[in-house]
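Reading through the structure tokens given below for one structure.
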Amino acid sequence: MSQPDENQLTRPWVDWTARQIHDPVWRLRYLQSVAPVPHPVSRWKSRKTIGLLTLLALGLVAAPLSLRRLGAANAAPPTLPTLPMLPAPPKLPPIHLVEPAVAPSADVWSVEKASDFEAYSNGLRIENQYAVSNRPRAYVAFSMADAEGSGGEKRTDPAGIVYHTTESLQAPFESSENNRLKRVGESLIDYVRRRRCYNFLIDRFGRVFRIVKESDAAYHAGHSVWADDRYFYVNLNDSFIGISFEAQTGAGEASTNAGNAQVRAAAMLTEMLRSRYKISGRNCVTHAQVSVNPSNMQIGYHVDWASSFPFEKLGLPDNYAMPSPAISLFGFAFNASFEHRAGVRLAAGAMDADRALAARAQAVHLSLAAYRKALHRRYLKIMASYRVE
Ligand SMILES: [Zn+2]
């Protein structure tokens, strides 16, 4: 009968302790810190151990291996005389967004509500004659402390706003074109209400039309990802309100043709919604910032408002400067077409997130491609249990 070696004795403790560390980077650091010193003649074995530890840390082989060893997932740890020390937290770029939330600037209240319009204390007027219902808003806000998305808060109030441009036919904005401008706007309203495209549409004259009721989801953001300093959100149709400008977005730094009346109306609408739902300024973002394509794991499938969004005029922080959460959390990439379509600020935010991703891959001794793959698996796992409409 042979004596068990030290590694066999401490292994259950190591596995159990590792399972308590939710962040994969910290988990890997811990596992590496307690890994046995490699024997000089068995380097292939040590590489295999590090590879296995990496996979364990990223949760790729955790279930079958650990369950066979330890029994049920919540089993009590075995008693051992010494507990290995956890390593100090690594000095790595944060994977979450740390900018403070910007509070709504003013309290806005309802002044008058008739069957076909609403008026608010900040000058906002909403036209209700075309409002339609859809399915009730319901979503999960995932905690940034649980990047695997195993739990989360179920919610029905919106957490943010996504701004769009309709990319529809545009007539010249001149008084001689008044009839045509009105006709084009009316046919656009008919189109977006039949398809439940947005919650609000702001026409060329700055009139705000309610399309899908605020309590209901609108089909405006499909596959999309965003995060604030505490939560991340996927598929924002339910979690974010959709506001669209009747306008077009040009490529690169080319500005949109959104007019002053539209910007003023959007500022009042944003102020009212932020006041009503306590929405953080960090969660007021454009479609180009949140859109992703899971079929090729690229960001920027939709690129409306990829530049020139008037954040400041809407009382919002410049969110273009934020690193893309789709890249940071789930390893999405971008190609030359995105760089061409995006303005300089949005492209710079994507590149920042990409550089931080490469640094994190290096810190856990993985190639960038392998690290991205592990993050893709995390995204696909969350998506497998999440409704997409
Ligand atoms: Zn859009």
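The values are calculated or read from the model by the stated rules, or taken from the named source; none is laboratory data. Every value quoted in this text rests on a predicted model; they were computed, and no experiment measured them. A quick note on method: Cβ atoms are made from the backbone with ideal geometry, for glycine too, and the neighbour counts reach across all protein chains shown.
Given (1) within 12 Å of the ligand (Cβ to nearest atom); (2) surrounded by fewer than 23 Cβ atoms within 10 Å (Cβ to Cβ), where does residue 180 come up short, assuming only one miss?
All conditions pass for residue 180, except number (1).
Please go through the range 135-168 and give me each residue that is more than 16 Å from the ligand (Cβ to nearest atom) and of a type in the set (A, V, I, L, M), ordered by number.
At the first step, the residues of the range 135-168 found to be more than 16 Å from the ligand (Cβ to nearest atom) are 135-159.
Of everything in the range 135-168, those that are more than 16 Å from the ligand (Cβ to nearest atom) and of a type in the set (A, V, I, L, M) turn out to be 138, 140, 141, 144, 145, 147, 159.
Across the range 200-217, which residue is farthest from the ligand (Cβ to nearest atom) among those that are out of contact with any helix residue (DSSP H, G or I) (no Cβ under 9 Å at 6 or more places or on another chain) and closer than 23 Å to residue 140 by Cα?
Here the residue is 215.
Which condition number in (1) more than 13 Å from the ligand (Cβ to nearest atom); (2) buried (at least 22 other Cβ atoms within 10 Å of the Cβ) is the one that residue 192 fails?
Here residue 192 clears every test but (1).
Would you be able to say whether some residue in the range 341-354 is more than 19 Å from residue 227 (Cβ to Cβ), touching an Asp or Glu at 6+ places or on another chain (Cβ under 9 Å) and either surrounded by fewer than 20 Cβ atoms within 10 Å (Cβ to Cβ) or of a type in the set (D, E, K, R) (or both)?
For the range 341-354, residues more than 19 Å from residue 227 (Cβ to Cβ), touching an Asp or Glu at 6+ places or on another chain (Cβ under 9 Å) and either surrounded by fewer than 20 Cβ atoms within 10 Å (Cβ to Cβ) or of a type in the set (D, E, K, R) (or both): present.
Being assigned to a loop (DSSP other than H, G, I, E, B) and within 13 Å of the ligand (Cβ to nearest atom) is the filter; apply it to the range 239-252 and report the residue that is surrounded by the fewest Cβ atoms within 10 Å (Cβ to Cβ).
Result: 248.
In the range 253-361, which helices (runs of 4 or more DSSP H) lie fully inside it and hold 1 or more residues that are touching a residue at least 60 places away in the same chain (Cβ under 8 Å) and away from the ligand (no atom under 16 Å from the Cβ)?
Answer list for the range 253-361: 260-277, 325-330, 336-341.
Any idea which of 285, 344, 364 is assigned by TED's automatic domain parsing to the domain that holds residue 256 and at pLDDT 95 or above?
From the options 285, 344, 364, the qualifying one is 285.
Would you mention how many residues in the range 300-339 are on the phi > 0 side of the Ramachandran plot and among the polar types (S, T, N, Q)?
1
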